[in-house]
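So the structure is just underneath, and the comments pick up after that.
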Amino acid sequence: MTTAFTYNGGAVEPGETTNVRFTVSETYLGDPVRIPVTIVNGEHEGPTLCLAAATHGDELNGIEIVREVAHEWDHSDLRGTLVCLPVLNVPGFIAQQRYLPIYDRDLNRSFPGQSAGTSSKRIADRVFRNFIEPCDLCLDFHTSTRGRSNMLHARADMADSAVARVANAFASNVIIDSEGPDGSLRREASKAGTPSITVELGEAHRFQRPLIDAALEGVLSVMAEFGMLETETVKWPGWRTVIEGSDEKTWLRADAGGLVDMHHERGSLVEAGETVCTISDPFKAEVTKIEAPFTGLLIGIPQNPLVYPGNPLCHLVALEEPTLRAVRQIRG
Ligand SMILES: [Zn+2]
């Protein structure tokens, strides 16, 4: 037997799709601040999957992922329900900034929220109670902060078997194993019984098509794992590394101020001792080489070439020998 999806103010029956503008706060003028929500309730019984994006207002790649799933995919065979939240942080999105403009609060540290708390906690509470906690699993899409770019990867608490099932099904090459910060959507939702992962891809302020397409494959794979689409199968990304707290990883930092010239792309494998990037002065006279301290994968790189001494440049993680062999074989 299939059931309606209900939220404060409405219900979506099996076989129905509803677009809602859901009030989460009010502006200085007393006008409603509303977030767009699309609920697709399949004709057949199944789990409820939440897809969330732009919890940080300038992280756009996820918006396109969620919109595409909601409005371009054929849902006639859907088993279960999709709760699509393409722009969670509407005030940040309008201002094109990461945080809620009200006192610069981080919405992604405000979950599960509080109905009588600060403005960010009230917004978080409205979203969490109505659309996140009622779901069986959740994918929250992010990008790197402004000026940097991330390889597509998942962040998940792999010690929690329900969360690990979602992360493994997402089929990314890289999973960073961590519980996540207090107040983050994925940590608080997982704690409340909605196993959740963060998906990181690319940079802020952009739609990056190849990354969006790869993430959409991941969404299909998760839906296959949880029986939401019988025609789809769970994907294997070819190779995978799960990066734990104790694993070898480092931020390569600038020791000189100047202009950065990257020698490798996001996601490249670099050999120990290889030059990853150089920093030069305005006269191209002083050139500082930044070398890889060990062989590894560049999961994060700068987009903005300007650095002060001490600024992080590249996020490098070591790979186990069998993974290294698989990556080299696949990439030729
Ligand atoms: Zn983010």
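Observations, loosely collected:
- Test: residue in region 282-295 that is under 25 Å from the mean Cα position of the chain (by Cα), crowded, with 19+ Cβ neighbours inside 10 Å and in contact (Cβ under 8 Å) with a residue 12 or more places away in the chain: no
- All conditions but one from (1) away from the ligand (no atom under 16 Å from the Cβ); (2) in contact with a strand residue (DSSP E or B) (Cβ under 9 Å, 6 or more places away or on another chain) apply to Asp160; the one that does not is (2).
- Failed criterion for Thr38 (all others in (1) surrounded by 23 or more Cβ atoms within 10 Å (Cβ to Cβ); (2) part of a strand (DSSP E or B) hold): (1)
- Per the listing Leu107, Leu100, Leu85, the residue uniquely under 25 Å from Glu217 (Cβ atoms) and either touching a residue at least 24 places away in the same chain (Cβ under 8 Å) or within 13 Å of the ligand (Cβ to nearest atom) (or both) is Leu85.
- Residue that is nearest to Ala326 (Cα to Cα) [pool: residues in region 159-171 that are surrounded by 20 or more Cβ atoms within 10 Å (Cβ to Cβ) and more than 12 Å from the chain's Cα centre (by Cα)]: Ala171
- Cβ separations smaller than 6 Å between residues 6+ apart or across chains give the following pairs from region 15-29 residues that are assigned by TED's automatic domain parsing to the domain that holds Arg79 to residues that are not basic (Lys, Arg) and not in a strand (DSSP E or B): Gly15/Glu43; Val24/Ile123; Ser25/Ile123.
- Residues that are within 24 Å of Leu201 (Cβ to Cβ) and not in a strand (DSSP E or B) within region 265-294 comprise Glu265, Arg266, Gly267, Ser268, Ala292, listed in sequence order.
- Checked against (1) over 21 Å from Arg98 (Cα atoms); (2) of a type in the set (S, T, N, Q); (3) under 14 Å from the mean Cα position of the chain (by Cα), Ser144 passes all but a single condition, namely (1).
- Every residue from region 110-127 that is closer than 25 Å to Leu49 by Cβ, touching a residue at least 24 places away in the same chain (Cβ under 8 Å) and surrounded by fewer than 22 Cβ atoms within 10 Å (Cβ to Cβ): Pro112, Arg126
- Single match in Leu201, Leu185, Leu252, Leu229 (criterion: assigned by TED's automatic domain parsing to the domain that holds Gln114 and either basic (Lys, Arg) or over 30 Å from Gln114 (Cα atoms) (or both)): Leu229
- Subset of region 95-121 [within 14 Å of His56 (Cα to Cα), in a helix (DSSP H, G or I) and modelled with pLDDT of 95 or more]: Ala95, Leu107, Asn108, Arg109, Ser120
- In region 226-272, the qualifying residues are those that are in contact (Cβ under 8 Å) with a residue 40 or more places away in the chain and among the hydroxyl-bearing types (Ser, Thr, Tyr), and the one that is surrounded by the most Cβ atoms within 10 Å (Cβ to Cβ) is Thr241.
- Residue match in region 255-275 (condition: out of contact with any Phe, Trp or Tyr (no Cβ under 6 Å at 6 or more places or on another chain), β-branched (Val, Ile, Thr) and assigned by TED's automatic domain parsing to the domain that holds Ile132): no
- Identity of the residue in region 172-217, within 26 Å of Leu324 (Cβ to Cβ) and in a loop (DSSP other than H, G, I, E, B), that ends up nearest to the chain's Cα centre (by Cα): Ser172
- Among the candidates Gly92, Gly30, Gly62, the residue that is on the phi > 0 side of the Ramachandran plot and either part of a helix (DSSP H, G or I) or away from the ligand (no atom under 15 Å from the Cβ) (or both) is uniquely Gly30.
- Residue match in region 217-224 (condition: surrounded by fewer than 21 Cβ atoms within 10 Å (Cβ to Cβ), within 15 Å of Phe141 (Cβ to Cβ) and among the acidic types (Asp, Glu)): yes
- Counted residues, region 245-264 - those being outside any strand (DSSP E or B), of a type outside the set (A, V, I, L, M, F, W, C) and over 24 Å from the mean Cα position of the chain (by Cα): 3
- Scanning region 82-99 for residues that are over 17 Å from Ser196 (Cα atoms), hydrophobic (A, V, I, L, M, F, W, C) and within 18 Å of the chain's Cα centre (by Cα) turns up Val87, Val90, Phe93.
The values are calculated or read from the model by the stated rules, or taken from the named source; none is laboratory data. Bear in mind that the values here come from a model prediction, so they are computed numbers and not experimental data. Virtual Cβ from ideal backbone geometry, glycine too; neighbours counted across all protein chains shown.
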